[in-house]
1. Just to be sure before I move on: is B:LEU308 among the aliphatic types (A, V, I, L, M) and under 30 Å from B:ARG68 (Cβ atoms) in the structure I sent?
2. Only one of these conditions is not met by B:HIS83: (1) in contact with a strand residue (DSSP E or B) (Cβ under 6 Å, 6 or more places away or on another chain); (2) surrounded by fewer than 24 Cβ atoms within 10 Å (Cβ to Cβ); (3) over 25 Å from B:GLN439 (Cβ atoms). Which number is it?
3. Being among the β-branched types (Val, Ile, Thr) and open to solvent by less than 30 Å² (accessible area, probe 1.4 Å) is the filter here, so list the residues in segment B:155-169 that pass it.
4. Return only the number of the condition from (1) within 16 Å of the ligand (Cβ to nearest atom); (2) under 29 Å from B:MET440 (Cβ atoms); (3) of a type in the set (Ser, Thr, Tyr) that B:THR108 does not satisfy.
5. Within segment B:328-351, can one find any residue that is farther than 19 Å from B:PRO301 by Cα, open to solvent by 10 Å² or more (accessible area, probe 1.4 Å) and within 14 Å of chain A (Cβ to nearest Cβ)?
6. Mind telling me which of the residues B:GLY290, B:GLY300 ends up being at positive phi and in contact with a helix residue (DSSP H, G or I) (Cβ under 7 Å, 6 or more places away or on another chain)?
7. With the requirement that a residue be of a type in the set (Phe, Trp, Tyr), open to solvent by less than 20 Å² (accessible area, probe 1.4 Å) and assigned to a helix (DSSP H, G or I), what does segment B:443-484 give you?
8. Cβ-Cβ distance below 7 Å, separation of 6 or more or different chains: which pairs start in segment B:170-187 with a residue that is assigned by the TED database to the domain that holds B:LYS133 and end on one that is away from the ligand (no atom under 16 Å from the Cβ) and of a type in the set (Lys, Arg)?
Amino acid sequence: MANIMIRKTASGGLSFYLPKRDLEDNIVSIEFDQADKWGGELKLANGGTYYVDPLDAPPKLPVSLRAKRVDAPE
Amino acid sequence: MSTLTREETESLIQEVLEVYPEKAKKDRAKHLAVNDQAVEQSKKCITSNRKSQPGVMTIRGCAYAGSRGVVWGPVKDMIHISHGPVGCGQYSRGGRRNYYVGATGVNTFAEINFTSDFQEKDIVFGGDKKLAKIITEIEQLFPLNKGISVQSECPIGLIGDDIEAVSKKAAKEINKVVVPVRCEGFRGVSQSLGHHIANDAIRDWVLSNRDGKEFESTPYDVTIIGDYNIGGDAWASRIFLEEMGLRVIAQWSGDGTLAEMENTPKAKLNLLHCYRSMNYISRHMEEKYGIPWMEYNFFGPTKIEESLRRIAAFFDDNIKEGAERVIAKYKPMMEAVIAKYKPRLQGKRVMLYVGGLRPRHVIGAYEDLGMEVVGTGYEFAHNDDYDRTIKEMGNATLLYDDVTGFELEEFVKRIKPDLVGSGIKEKYIFQKMGIPFRQMHSWDYSGPYHGYDGFAIFARDMDMTLNNPCWGKQVPPWKKSAAPEEVKAAA
Ligand code: SF4
C-alpha cells in the first residue's frame, strides 16, 4: 500500500501521482465512476494498474488515497 | 553545418556509446534519444531519474544541494545550519546568486555559511549536543532571525542523530520555527529528492503555522513559487504581474521570507515556475487548501504572452484586461529588442544541458531570436519533464538525460552548435574548444532573464557571447595557413 494523489488535469482527465516514487501519469480508465461508487482499478497510461478501495461517492479532487499496486511496468 | 537527420543522430548516439563497456553502454543508451514529437510518453524513448553509472562523470548534485542550496537557501530571514562537516555548506551558500534585499548578517542571512563543522569526535559521540548549542548561539548572535532550519549532511544520517528532537526542544526555547530537514546527500539519485524532502519539510513545519489566523486578502492574491530570483528573476516577473492587477503575496524562495511562506495558503492561485522543485508543495496546497496552481513560462515574449493569458483566465475581466494592457505595453519594447538582435543571431544553433525547467522553458526565448535548440537535456528530470519537453523540441533533435562529461563533449564536437548553454563545470571545456558558451544556471553572472526586462538582457548576452570577436582568434597567427579568416563579428 502506498499513498497516492489523484487530481484533475487541465484537459479534464485524471492524473495519478505516487509521491514515494515521484511517478506521475495520466489515468486512462477507472473501474467505478458512478455517483454512488468511485474507485477500484486504475489503469495508467504507462501500462501499470493500481487499486483503490471504492468510495461511496466521487471525492473532491485532488484527493490523497491509499492504493495497492496490482501490476506495474519497470 | 546543416541539421542532422534522424538516422545521423541515431548513429551519432551509437558511435558515442561505443567506448563504454557492454553493461554501461546498455544503460546509457536508455538515457539518450532522438526526439520524435509523435511520441506521447517520454518513457518510451528516454529513461530518467535513475542512479548514475559508477565511473562516469555526472554533473548532478546531491539531495542536500537540492534542499539547502536550492529550496531553503534563498529564504533570507531564516538561518540554515549546514549540519555536518564544513565543506558542503561552504559550496552552497549563496552560490546561485539568489538576490535579496536586506542587511546580510543583521536581518538576512542567505549568503552566510552556518555550519556545525563536524569533527571526528562529533561522529563518534554524536552531534546533537553541538546542534543544540549552535542554535542557542545563533539566537544570541543573530536575534533578528525569524527561524532556523537544520540541513543534514551525509554523516548525520549515517550516525543516526536525532535532529528532530533537538529541533523541537530548541523551537520551544527560542520560541521560533526550527525545521529539521533530513536531506542527507546520499538520499536519492540526484538533487531532485532533496527538493522533495525540502518541500515535505515546509509542508510539515511551516505551511500550516498561520492556519485560522486573520489575513487581509484580496481576490487577486497570487504567489510566485519556484522562482529563485537568480540575478533578480523573480523581481522581473513580479513587476508585470503586479502591473496587470495581481497582488503577489509570496515569493518562493528567491528573496522570500518565512512570513511569506506561512501566508501562502491564503493565496488564490499559486504560480509555479520551477515545476520540478516545487510541484510537491503546490499539490499539497491544492488538496489541503483548494488553491489551484499552474505552471508558467516567462522566457521570451511569445511564452510570456501565452502565460499571461493563461494566468488571467483564472481571474475576472479586470485581470484579463490587465494582461492585455501589459502585453500591449511591452510589445514595442520587445519588437525593438528582436529587431536589434535577431539579424545577428538568426539561424544559430544551441545545445543546452541544465537543470529543473530551463532545458525546455528557454527554447521559446531562443526561438523568438530566430535561434534553434538542437539538443537539450536535464540533470535530474523525471519522465513528466521529458513528456513536456518532447513537444517543445524539433524532430530529430537530441535528448540526453544525466549526460556524462564525455558524451556531452562528443555530441558537441559532432553537432557543432554555435552556442552551448550549461553550467560552470562545463564552461571552460567548451570555451577551450572554441565554442561560445553561456552558463544557464547562474546566467553567467548576468540576469535577470525572466520577464520582459529579462528578455532584453538575455538577447544582449547571447549576442555578446556568440558574436564576440575572440572566437575568430582561436588559431595563432603563425599557424594560420592561407588568408586570415574574416572576423565576422567585429561590429
Ligand atoms: S553528498 Fe553528502 S558530503 Fe557530499 S555535498 Fe552532499 S551532503 Fe555533503
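1. On the way: among the aliphatic types (A, V, I, L, M): yes; under 30 Å from B:ARG68 (Cβ atoms): no.
Criteria not met by B:LEU308.
2. Here B:HIS83 meets the rest and fails (2).
3. Narrowing segment B:155-169 to residues among the β-branched types (Val, Ile, Thr): B:156, B:159, B:163, B:166.
Correct list: B:ILE156, B:ILE163, B:VAL166.
4. Every listed condition holds for B:THR108 apart from (1).
5. No, there is no match, as no residue in segment B:328-351 is farther than 19 Å from B:PRO301 by Cα, open to solvent by 10 Å² or more (accessible area, probe 1.4 Å) and within 14 Å of chain A (Cβ to nearest Cβ).
6. Answer to the selection: B:GLY300.
7. Those that are of a type in the set (Phe, Trp, Tyr), open to solvent by less than 20 Å² (accessible area, probe 1.4 Å) and assigned to a helix (DSSP H, G or I): B:TRP443, B:TYR452, B:PHE455, B:PHE458.
8. Sorted first by the residue in segment B:170-187, then by its partner, the pairs are B:LYS176/B:LYS146.
The values are calculated or read from the model by the stated rules, or taken from the named source; none is laboratory data. Worth saying up front: this structure is predicted, and the values here are computed from it rather than measured. Reconstructed Cβ throughout: ideal geometry from the backbone, glycine too, with neighbour counts over all protein chains shown. Surface areas here come from the heavy atoms of the whole protein model, side chains and all, with no ligands, DNA or RNA. Shrake-Rupley method; radii C 1.70, N 1.55, O 1.52, S 1.80 Å.
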